[in-house]
Every structure is written in structure tokens, then in C-alpha cells.
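Reading through the C-alpha cells given below for one structure.
The values are calculated or read from the model by the stated rules, or taken from the named source; none is laboratory data. These numbers were taken from a predicted model, which means no experiment stands behind them. Heads up, the Cβs are rebuilt from the backbone with ideal geometry, glycines too, and the neighbour counts pull from every protein chain shown.
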Amino acid sequence: MTISSRPRLSIIGTGYLGATHAVCMTELGYDVIGMDVDVEKIARLRAGEVPFFEPGLGELLRKNLETGRLRFSTSFEEVAGCADVHFICVGTPQKKGEYAADLSYLDSAIAGLATHLNYRALVVGKSTVPAGTAARLADLLAALAPSPDVELAWNPEFLREGFAVEDTLRPDRLVFGVRSAWSEQQLRAVFAPVIEAGTPVVVTDFATAELVKVAANSFLATKISFINAMAEVCEVTHADVTQLAEALGYDDRIGRRFLNAGLGFGGGCLPKDIRAFMARAGELGVDQALTFLKDVDEINMRRRTRVVDLGFELVNDSYIGTKVCVLGAAFKPNSDDIRDSPALDVAASMQRHGAVVVVYDPAAMDNARQAHPELCYADSALAAAQGANLVLLLTEWSEFRQMDPQVLARVVAHPRIVDGRNCLDPAVWRAAGWTYRALGRP
Ligand code: NAD
């Protein structure tokens, strides 16, 4: 039996990655069923509500629900009954107390699906995994699926939160980790509209496909930590890291992107991916190849301490009795994702040092409240800044970049700001009477 030229798709795990993938594949013309073990998430998606903040995704979800080609379910049996190609998009978080990735969600998704696969089907892993995972899961699939014609492929995902729709519809590249011509053929059919639009495809083996993703994230993390290391040097030499980055960026071999010094990276991907990569390298006996990632991680985490220290200097060496306004809670703008958020890490640390911290974020308030009930929250930047002895800009939402320093100065107790993302013009803020401090910049 062959699968039709327009395969029916299932997407298992409808979080940031899976929900976006389900909606976008329907937009590209496919019949799609999204599945998750989280009953509430599925109810919200069925009702046309995206359970997280992602620009443009809500409209696209509602539009595609109306076509009748996009459905959601909580049943593996139902999913197995109405799709030929099954994408696995479940989480692979950092294991508690370890650097390694927790692959239990993947194992249980494969096990839940496999027992219903009594026909020729392709199962495609999209989650970010340590090298060797796909080979192990292929064995698991073969052992559990009633049909001998079920294959596994690996198709790592590179979407960026905040640009997820665009990245899914028009990715930079597609990577297909396959073990047969048939798997490749199915993946080419699934992504036909994307490939026809000119997206390059790299067809490779499982291990290379797995490594492309973690290597890409390691490179990006390294680039960020490189410029943040330069920021540390700039601070002692009184140089300006933003001008340094501009000048470096004109060199095509280096490039300007990911050279923004500041509070560093966080979120549900880069930190856990470089740690899982180090852990896997250790298991494979090549830990020396990746020892530099430990420095990358350390530089990154030091930026958080440095912001707490900068603020400390501005409030005359004591947070006790001070009111601190934190602008930003999401790990980056245009997202409500607070997983390993540098902004919330700094906010919580200041609160532990005795400050009263009031947080405002345009999208991540509910998530932040849930994760950090000890912090105070306000409904706007101005409300959060009311009576503040110190303002910290920690996530570079455009709303914060465009703040009027004169207006903000009227509501604070002391006009002192730490620009944790190097996204304000120091001259403008100083002219408006602010004491302005930033990372790697005089
Ligand atoms: P997420 O936590 O938002 O979503 C994971 C979903 O999987 C959740 O809704 C969860 O309920 C569901 N799930 C867990 N176990 C399940 C099971 N057995 N069956 C069905 N559903 C199950 O995570 P995410 O951010 O979407 O990331 C998913 C994977 O994609 C990770 O490996 C991540 O590293 C990778 N990734 C994420 C991004 C991103 O920007 N978020 C980008 C590229 C790759």
C-alpha cells in the first residue's frame, strides 16, 4: 500500500511547536488532526483559542478550523485512524537535577501511537533530541506497531517563537533524517508546497538530522555568549559593546545577527539544548569536544548576576526597602514563554535580596504569576513604575523600546534605569534626567 500524494497528517503534542505546525500544515492544504494529552489545551484549540501567545497564529487557527480540515483530539486511536504521516512534537525538557534531556514524553507518545498502527505509516520526530534517540525509537516503534511497514524519520524544527508562523510556512531549510527512499518520498509529499517555493532540503541519516538542530542552537548560544564576553571586557576598558557589535557585524563572515549584548539567552530551547548536548557528548566519550559550551552557559548565567549587581550599585548597595520595576517577563519579546526566563530570574533574585519587585509584561503576565506568585504584578509599564526606586528593562518588547523617558520619569521615585537589553538610547535617557546603566556600555 502506498500513501496518497497528499498525505493526511497527525501532529502529536500541540504546544508551541505542534500547534503551530498543525495550523500551518492545514493552511498549506492538508487534512490535519492535532493530538495532546492535555485535555484543556485541546479544548481551547478546538474553540479556536491558541493556548499561548504567538503573533498571527490565532487568526490562522480560526480560519483553518472553519475549513473542516483541522481537528483536535485527545485519543491516539482516533489519530491513528485518520492520518498516514504522524509528527511527534512533544516536549524534551531538561531532566530534573541533570543536564540530560528527559525523553519520557517521546517514549510515551511513540508507545501510545504505535499499538494502533496496523497499516503502512510514517512517524516523524520533530522534537529536539540527543543523537541516537531516533535509532532507539525506531526499534521501539518496530517492536510495538502491529504493521511491519511502519517507519520512522527525523525532521528537526527550527522555528523561532514570535515568528513561528512565518518560519513554518517559509523555513530556511528542511532536514530529513531517513532510512529509506520511501520515507524521503513521503516527507517530500508532505512538504511539497514548501519545497516548490524554493526551500532547500538536506536528506541525511538519523544522527546527522538530530545533530543539525543541537549544533545550530549551540552555535547561536555561542554567538550570544561571545558578544556578552566582549561586553565584560568592554566594561573594564570603558568601551561600548554596541558599537563593537556594529563594527564586527559589517564583516560578512561574522554577521550582525545574534550579536546583541545584554541579559543573554533563556527560553525552552537554547539552555536545555546545549546542556543536553554536553550530557550526550559525555555519554559518547567526546565530552572534550564540547567543554566550550560550559563556558557559553557560564557567561550567559553571569549576565543575570551582573544585572542584579548593576541595580545594586544604583540603589546604593541595598535592595532592602527599595521598589524595583521590572519591564519584561517573557524570555524574549513577542512570546509569553517564561521557561528559563532571564527577566524573571533577575526579578526573583532581587526580591530575594529584599526588594519589592513589580513586574509588567505585555503577554506573559499569567504565566509569570503562576510561576512566581511571590512577585507583584501591574497592568501597565507606567503602573509598574509608580514610585519605583529602580527600573529594569529586561525583555526588549517594542512597547518598552519606545517608552518616553520624560513620561516615565514623572511616575518613578528615582529616575534610575538598567537597560538589560541595550535597546534604549543612553543619550536620550540621560538628557531626560535618568541615571542610565547597561551591560558592556559606558
Ligand atoms: P511544549 O511544552 O509547548 O509542548 C509539548 C506538548 O506535548 C505539550 O502540550 C504536552 O502536553 C504534549 N505532550 C506531552 N506528552 C505527550 C504525549 N505522550 N502525547 C501527546 N502529547 C504529549 O513544548 P514545545 O516548545 O512545543 O517544544 C516541543 C519540542 O520541540 C521540544 O523538543 C523542543 O525542544 C522542540 N522545539 C521547540 C521550539 C520552540 O520554539 N518552542 C522550536 C524548535 C524545536
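Is the range 142-155 home to any residue that is closer than 24 Å to Tyr105 by Cβ and among the acidic types (Asp, Glu)? Yes, there is a match, as at least one residue in the range 142-155 is closer than 24 Å to Tyr105 by Cβ and among the acidic types (Asp, Glu). Of the helices (runs of 4 or more DSSP H) lying entirely inside the range 159-243, those carrying at least 3 residues that are buried (at least 22 other Cβ atoms within 10 Å of the Cβ) and touching a residue at least 40 places away in the same chain (Cβ under 8 Å) are 181-190, 206-237. Contact map, the range 117-134: first residue not assigned by TED's automatic domain parsing to the domain that holds Glu283, second residue assigned to a loop (DSSP other than H, G, I, E, B) and more than 13 Å from the ligand (Cβ to nearest atom), Cβ cut-off under 6 Å, separation 6 or more or different chains; pairs are Leu117/Ala145; Leu117/Ser147; Asn118/Pro146; Asn118/Ser147; Tyr119/Ser147; Arg120/Met1; Arg120/Asp149; Ala121/Asp84.
Looking only at the range 258-269, filter to residues that are of a type in the set (A, V, I, L, M, F, W, C) and over 20 Å from Gln243 (Cβ atoms); which one of those is nearest to the ligand (Cβ to nearest atom)? Steps first, answer last, please.
Our first condition is that a residue be of a type in the set (A, V, I, L, M, F, W, C); within the range 258-269, this holds for 258-259, 261, 263, 265, 269.
Within this subset, residues satisfying the condition of being over 20 Å from Gln243 (Cβ atoms) are 265, 269.
Numbers: Phe265: 12, Cys269: 5 Å.
The selected residue is Cys269.
The set of residues in the range 208-230 that are of a type outside the set (D, E, K, R) and touching a strand residue (DSSP E or B) at 6+ places or on another chain (Cβ under 8 Å) comprises Thr208, Ala209, Val212.
Residues in the range 1-50 that are away from the ligand (no atom under 16 Å from the Cβ) and in contact with an Asp or Glu (Cβ under 7 Å, 6 or more places away or on another chain): 3 in all.
Counting only residues that are hydroxyl-bearing (Ser, Thr, Tyr) and touching a residue at least 60 places away in the same chain (Cβ under 8 Å), which one in the range 392-442 is nearest to Asp336 (Cα to Cα)?
Residues of the range 392-442 hydroxyl-bearing (Ser, Thr, Tyr): 395, 398, 435-436.
So of that shortlist, the ones also touching a residue at least 60 places away in the same chain (Cβ under 8 Å) come out as 395, 398, 435.
Details: Thr395: 11, Ser398: 14, Thr435: 30 Å.
Applying the filter and picking the extreme gives Thr395.
Number of residues in the range 384-442 that are at pLDDT below 95 and either among the polar types (S, T, N, Q) or touching a Ser or Thr at 6+ places or on another chain (Cβ under 7 Å) (or both): the value is 0. So, Lys272, is that one within 16 Å of the ligand (Cβ to nearest atom), within 23 Å of Ala221 (Cβ to Cβ) and not in a helix (DSSP H, G or I) or not? For Lys272, the condition - within 16 Å of the ligand (Cβ to nearest atom), within 23 Å of Ala221 (Cβ to Cβ) and not in a helix (DSSP H, G or I) - is not met.
What about Gly255, is it more than 16 Å from the chain's Cα centre (by Cα), in the same structural domain as Ala229 (by TED's automatic domain parsing), more than 26 Å from Asp404 (Cα to Cα) and assigned to a loop (DSSP other than H, G, I, E, B)?
Numbers: more than 16 Å from the chain's Cα centre (by Cα): yes; in the same structural domain as Ala229 (by TED's automatic domain parsing): yes; more than 26 Å from Asp404 (Cα to Cα): yes; assigned to a loop (DSSP other than H, G, I, E, B): yes.
Considered against the rule, which asks whether it is more than 16 Å from the chain's Cα centre (by Cα), in the same structural domain as Ala229 (by TED's automatic domain parsing), more than 26 Å from Asp404 (Cα to Cα) and assigned to a loop (DSSP other than H, G, I, E, B), Gly255 comes out as yes.
Here Ala142 meets the list (1) free of Cβ contacts under 8 Å to residues at least 60 places away in the same chain; (2) within 15 Å of the ligand (Cβ to nearest atom); (3) among the aliphatic types (A, V, I, L, M); (4) in a helix (DSSP H, G or I) almost entirely, failing just condition (2).
Could you look through the range 81-98, keep only residues that are crowded, with 17+ Cβ neighbours inside 10 Å and over 19 Å from Arg6 (Cβ atoms), and pick out the one that is farthest from the ligand (Cβ to nearest atom)? Spell out the reasoning first.
Of the residues in the range 81-98, the ones crowded, with 17+ Cβ neighbours inside 10 Å are 83-92, 94.
Okay, now just the ones that are also over 19 Å from Arg6 (Cβ atoms), so 88-92, 94.
Details: Ile88: 8, Cys89: 5, Val90: 4, Gly91: 4, Thr92: 4, Gln94: 10 Å.
Top of the filtered list is Gln94.
Return a yes/no flag: does the range 57-67 have any residue that is under 30 Å from Pro130 (Cα atoms), exposed (fewer than 14 other Cβ atoms within 10 Å of the Cβ) and either small (Gly, Ala, Ser) or without any contact (Cβ under 8 Å) to a residue 40 or more places away in the chain (or both). No - not one qualifying residue is present in the range 57-67. Of the residues in the range 162-180, at least one is within 16 Å of the ligand (Cβ to nearest atom), hydroxyl-bearing (Ser, Thr, Tyr) and within 26 Å of the chain's Cα centre (by Cα).
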